[in-house]
Amino acid sequence: GTTGAPRPITLTHGNVLASALGSAVPLGLDPKERWLCPLPLSHVGGLMVLLRSVIYATTAVLRPVDGAELDGASVASLVPTQLVRALDAGLERPRGLRAILLGGAGAPRALLERAAAAGVPVAQTYGLTQACSAVTISEPGDLETQGRPIPGVQVQIAPDDEILVSGPTVAGARTLHTGDLGRLDARGRLVVIGRKSDMIVTGGENVAPAEVEAVLLEHPAVADAGVLGRPDREWGEAVTAQVVLRAPVEAEDLRVFCAQRLARFKVPKSIEVVRELPRTGSGKLKRRAM
C-alpha cells in the first residue's frame with residue numbers, strides 16, 4: 001500500500017479463478033498470446049498475469065521493459081511510468097500488439113492521447129489487491145473511462161461517491177469499500193476520480209490532487225507530477241505540487257498554465273522541482289513520502 005505498513009489480504013483459490021476467468025472475457029485470450037509483464041510478482045497485477053497464463057496456456061514474458069522493445073508481445077501490463085518511458089524511447093505502432101493494459105495508478109489524459117497518437121492501443125484498468133487485481137477493463141482507445149466491470153463483478157457508487165465492489169473476486173465475500181472516488185457513466189463505465197484520503201480541503205473547497213496533476217502533465221516540460229495538501233494557517237491546507245521536468249520551465253509559468261485551466265483555489269500555491277517522485281512497485285504515488 002501507500003499509507004504505511006503492509007496489510008495482509010487473504011485471497012482464495014476461488015477469488016483467483018474468478019479473476020482470471022472474468023478478466024479474460026473482455027480480452028479474448030487464446031493460447032497464442034504473448035503477455036509481457038514487467039510488473040513485480042509481489043504485486044497482484046503481476047502475479048495474475050502468471051496465474052492467468054497457467055489457466056489459458058498463454059506465454060508470460062517476465063522481464064523489464066527495455067526502451068521501446070516489447071519483445072513481440074500481443075498484450076502487455078504496464079503502469080503509467082513504464083508507458084511514458086517506452087514512448088520516450090520511441091515506441092510507435094508496435095507490430096502484433098493488441099493492447100497495453102494500463103493500471104496501478106491513474107493515467108493522465110495527456111499520456112493516453114500521446115499513446116493514441118503513436119498508434120499504441122491502451123486499455124485502462126481499475127483494480128485492487130482486495131479484488132484480486134482487475135475490477136474493470138476499458139476498450140483499447142477509450143480515453144474517458146476505466147471501462148466496464150469484468151464478468152461477475154459488480155461496481156456501485158455510494159452517496160459520497162466512494163466506489164463499492166462486490167463479487168467472487170473480492171476477498172472475504174463482502175462489499176468492498178475501496179476508499180476510491182468515482183462515478184459510472186450512462187454506459188456503465190467507471191470513471192475514477194481519486195482517493196478519498198487524498199482530497200485536499202483548502203478554504204472550505206475540495207480539491208482532487210489527480211485533477212491538478214493531470215493539468216500539470218499537459219505541460220510539455222513536465223514529465224511527472226504529484227500534488228498534495230500541506231498545513232496552512234490561512235487556508236487549512238495549501239495545494240502544493242512537485243514536478244519532474246523534461247525541459248526547463250519556471251515554477252511561476254507552471255502556475256500560470258494551471259490558472260488558465262483550473263479554478264483559482266485549485267492552482268498550486270507552490271511548485272517544487274524534484275529529480276523523481278516516490279512511487280510503489282505498482283506505480284502508485286507515495287504522497288506521504290513527498
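Only the coordinates and a few stated rules stand behind these numbers; no lab work does. It should be emphasised that the depicted structure is a prediction, and the values quoted were computed from it without experimental measurement. Note that we place each Cβ from the backbone using ideal geometry, even for glycine, and neighbour counts take in every protein chain shown.
The calculated 222 nm mean residue ellipticity attributable to helices in the chain amounts to -7000 deg cm²/dmol, summing -39500 (n - 2.57) over DSSP H runs of n ≥ 4 and dividing by all residues. Computed on the chain, with alpha-carbon pairs under 8 angstrom and 6+ residues apart, the relative contact order is 14 percent. Counting only DSSP beta bridges with both residues in segment 13-144, tell me the antiparallel percent, nearest 5. So the antiparallel bridges amount to about 30 percent of the total. In this structure, ARG246 and MET290 have a Cβ-Cβ separation that, at R0 = 22 Å, corresponds to a calculated FRET efficiency of about 0.70. Using a simple spin-label model with pseudo-atoms 7 Å out from Cα toward Cβ, GLU69 and ALA186 lie 4.8 nm apart. For LEU41, LEU47, LEU101, the sequence from fewest to most other C-beta atoms within 10 Å is LEU41, LEU47, LEU101.
Mind running the shape call on the chain? Use the C-alpha gyration tensor, a ≥ b ≥ c as the square roots of the eigenvalues: rounded below 1.5 for a/c, prolate if a/b tops b/c, oblate otherwise. It would help to have the intermediate numbers written out before the result.
On the way: a/c = 1.95, a/b = 1.35, b/c = 1.45.
Because a/c hits 1.5 or more and a/b fails to exceed b/c, the chain counts as oblate.
Sequentially through segment 133-143, phi angles give Karplus couplings (6.51, -1.76, 1.60; θ = phi - 60°) of 5, 5, 9, 9, 9, 8, 6, x, x, 6, 8 Hz, Gly and Pro residues having no value and appearing as x.
Students often get this wrong: which residues of segment 104-134 have the backbone nitrogen under 20 Å from the point 7 angstrom along Cα-to-C-beta of ALA173? Only 130-133 pass the distance filter. The orientation-averaged shadow of the Cα convex hull for segment 199-289, equal to a quarter of the hull surface, comes to 5.8 nm². A Förster radius of 25 Å combined with the Cβ-Cβ distance from VAL274 to ARG233 puts the calculated FRET efficiency at roughly 0.50. Taking a Cβ cut-off of under 11 Å around ARG195, the surrounding Lys, Arg, Asp and Glu residues balance to a net charge of 0, with basic ones at +1 and acidic ones at -1.
For a straight C-alpha distance cut-off of 17 angstrom, the lysines reachable from LYS266 (same-chain residues fewer than eight places away being disregarded) are LYS196. Seen from all directions on average, segment 102-242 presents a Cα convex hull projection of 9.7 nm². Helix 44-56 and the longest principal axis of the C-alpha atoms of the chain enclose an angle of approximately 20°. Shown here for segment 192-242: trypsin sites (Lys or Arg not before Pro) in loop regions (DSSP other than H, G, I, E, B) with at most 14 other Cβ atoms within 10 Å, namely ARG233. Within segment 190-227, list the residues whose amide N lies under 17 Å from a label point set 7 Å along Cα→Cβ of ALA259. Answer for this model: 216.
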